[in-house]
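Reviewing the structure listed below.
The values are calculated or read from the model by the stated rules, or taken from the named source; none is laboratory data. Note that the structure is a prediction, hence the values are computed from the model and not measured. Here the Cβ positions follow ideal geometry from the backbone for every residue, glycine too, while neighbour counts run over all protein chains shown. Just so you know, the surface numbers come from the protein's heavy atoms only, side chains and all, with ligands and any DNA or RNA stripped out. Shrake-Rupley method; radii C 1.70, N 1.55, O 1.52, S 1.80 Å.
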Amino acid sequence: MQHNSRAEEIVKAHILEPFREKEYGYIGMEFEFPVICLGKEISLKEIGSRFLVSLVENYGYGEEIRGTDGCLVRVGRGGDSVSFDYSYSLLELSMGKQKNLWELQGRMITILRMAQGYYHVYDCVLTGMGTRPVRLGEVEYTYDPFYNMIRHFLIDYAREKDLGKFFPNMCSVQTHIDIPYANLLDTYNLFNRLDFVRGLLFSNSLGKDKKGRTVYCVRDLIWESCGLPNTGIYDTEFHSLEEVARALAQEKIFVKKEGENLLGVKPQTLKEYFRNPDAAEDDIRYFRSFKRVVLNSYHVLEVRGDCVQPVSESFVTAAFHVGIACCCQEAAAELRSFLERNRITAANSRLRKAVITGKAIADEKELTMFLKRMLDIAAAGLAARGCGEERLLEPLRKRAALLTNPAKELQKALCAGKNMKDIIEWYAS
């Protein structure tokens, strides 16, 4: 009989066991939008700082975090936050959890329109693209304490020292879903295995790999090369939550608190770290995973690997994930049938890489029918919630029928000679 390590017991107590209090219902979201200068380059720090100040002075937001330079970096109101985390070239909107996607959408769009109006005065736009479509000049970093630590960690431990290649160029939408404990294992396995489906439907960061080949979700490659631990996706199908705890105990902790300061330290697995009897159990709070699907210390299933979508279709990711989570068994059966019919045995990471680089994984007709069926399942899950949220899936019907996504649409527009400025504004509308 295998005995659990201290780290596994801590993971179970602080990450897995709290799911026993969960039931289906609440959803939270985070959106990261790149700030694009359409005219001459200006100081994004200057106008970004003024924007947060204006939210506090004119719209009832409260201060949440100031950087070590004294500038506001995060403000909040009613559970929602507006922030610049790593740099002023990326605005994050964090939406407090709600039971209704329409409520989340209304609040997010209200904040985004306010920001768009502010930035329009400076000939800038917040657009729905997963990476910056135009090269950024000098990166103006925030002095948010946590991201200060991340920056110093990368300087000390990452091979690539040009940090401007990383966070300022990665714009995601993250979906947080409450999952009941009884369904946690199956749902976690399913969302790991569906990584390729998200690549097919949601890729929105067109770029090139080191060999000059087209990549539709270049964010994946940026994450792989940034030097942070705990990235990618699990290839393992877990057979118990004990196995999940064992896997999480092999992920690495690289944050340590000393006094009031967070420090980036040489990464150690949780198992190694908590082998030290002096390591406090509470230090699990400083564990961060950057995998594309995460069970996190907020006790939600976090899908964090999706590119932010064109603004008018911002909620297709959450609608898909919530609908699938509500019909986990049906979705898993459909996925299993598709993989078996097409003799697809590739690991999750390899399958994702295949689709984001444009490689065929099945006959196009077969793949289209599979995606349509998954959308039907997601729609049924949303319909059962009784809010009409299934209508949010409609843009994905076209994507499934044409086997396209926003990155492929950008590629087509550029090949047709469309102006990048016009495309940026269309993705922002």
Long-range HN-HN contacts of Arg288 with modeled amide H, under 5 Å: Phe254
How long are the three semi-axes of the equivalent ellipsoid of region 90-243, in whole Å, if each is the root of 5 times an eigenvalue of the C-alpha gyration tensor, listed from largest down? 28, 24, 17
Can you tell which of Leu241, Leu392, Phe19 lies farthest toward the positive end of the dipole of the chain, using +1 and -1 charges on the Cβ of basic and acidic side chains (Lys, Arg; Asp, Glu)? Leu392
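For the chain, report the % of Cα-Cα distances exceeding 43 Å.
Considering the chain, 9 percent of its Cα-Cα pairs are separated by more than 43 Å.
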Net lengthening on full extension, Arg20/Glu103 (0.36 nm per residue, minus Cα-Cα): 27.3 nm
What is the spin-label model distance, in nm, from Lys365 to Ala247 if the labels are put 7 Å beyond Cα along the C-beta direction? 3.6
Starting from the Cα of Leu38, step 7 Å along the direction of its Cβ; do the same at Ile344; then give the gap between the two resulting points in nm. 3.9
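Based on the Cβ-Cβ distance from Lys165 to Arg50, what FRET efficiency comes out when R0 is 30 Å, to the nearest 0.05?
0.65
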Give the shape of region 37-131 as rounded, prolate or oblate, defined through the alpha-carbon gyration tensor: a ≥ b ≥ c are the square roots of its eigenvalues, a/c under 1.5 means rounded, and otherwise the shape is prolate if a/b is larger than b/c and oblate if not. oblate
Output for region 11-101: trypsin sites (Lys or Arg not before Pro) sitting in coil per DSSP, at most 13 other Cβ within 10 Å, listed by number, reads Lys40, Lys99
Relative contact order of region 1-160, pairs being alpha-carbon contacts under 8 Å that are 6 or more residues apart, as %: 29
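When the accessible area of region 1-90 is split by element with a 1.4 Å probe, what percent falls to carbon and sulfur?
Its accessible area is 47 percent carbon and sulfur atoms.
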How are the C-alpha pair distances of region 274-429 spread across 5 Å bins, as whole percents from the shortest bin up? 1, 7, 13, 16, 19, 15, 11, 8, 5, 3, 2, 1, 0
Hull-based mean projected area of region 213-338, where the convex hull spans the alpha carbons, in square nanometres: 11.2
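Specify the longest stretch of the chain that does not include any exposed loop site, a site being one of the GluC sites (Glu not before Pro) with a non-H, G, I, E, B DSSP assignment and at most 15 other Cβ atoms within 10 Å.
Longest site-free region, per DSSP loop and neighbour criteria: 261-429.
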Among the listed pairs Lys40/Lys252; Lys256/Lys408; Lys99/Lys257; Lys165/Lys252; Lys291/Lys418; Lys97/Lys266, give every one whose C-alpha distance is greater than 31 Å. Lys40/Lys252; Lys256/Lys408; Lys99/Lys257; Lys291/Lys418; Lys97/Lys266
May I have the pair-distance distribution P(r) for region 260-318, computed from all Cα-Cα distances with 5 Å bins from 0 and rounded to whole percent? 4, 13, 19, 18, 17, 11, 7, 7, 4, 1, 0
Expressed in nanometres to one decimal, the distance between label points 7 Å along Cα→Cβ at Arg285 and Lys418 is 4.7
Modelled FRET efficiency - R0 56 Å, Ser312 with His152, Cβ distances, 0.05 increments: 0.90
Non-local residues with an amide H under 5 Å from the amide H of Val265, with H modelled 1.01 Å from N and Pro and chain starts lacking one, are Val255, Lys256
Using only alpha carbon pairs under 8 Å that are at least six residues apart, calculate the relative contact order of region 247-323 and give it in whole percent. 20
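Could you tell me the relative contact order of the chain? Use alpha-carbon pairs under 8 Å, at least six residues apart, and round to a whole percent.
Rounded, it is 21 percent for the chain.
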Could you size up the charge dipole of the chain around its Cα centre, putting +1 on the beta carbon of Lys and Arg and -1 on that of Asp and Glu, and report it in debye to the nearest 20? 1380
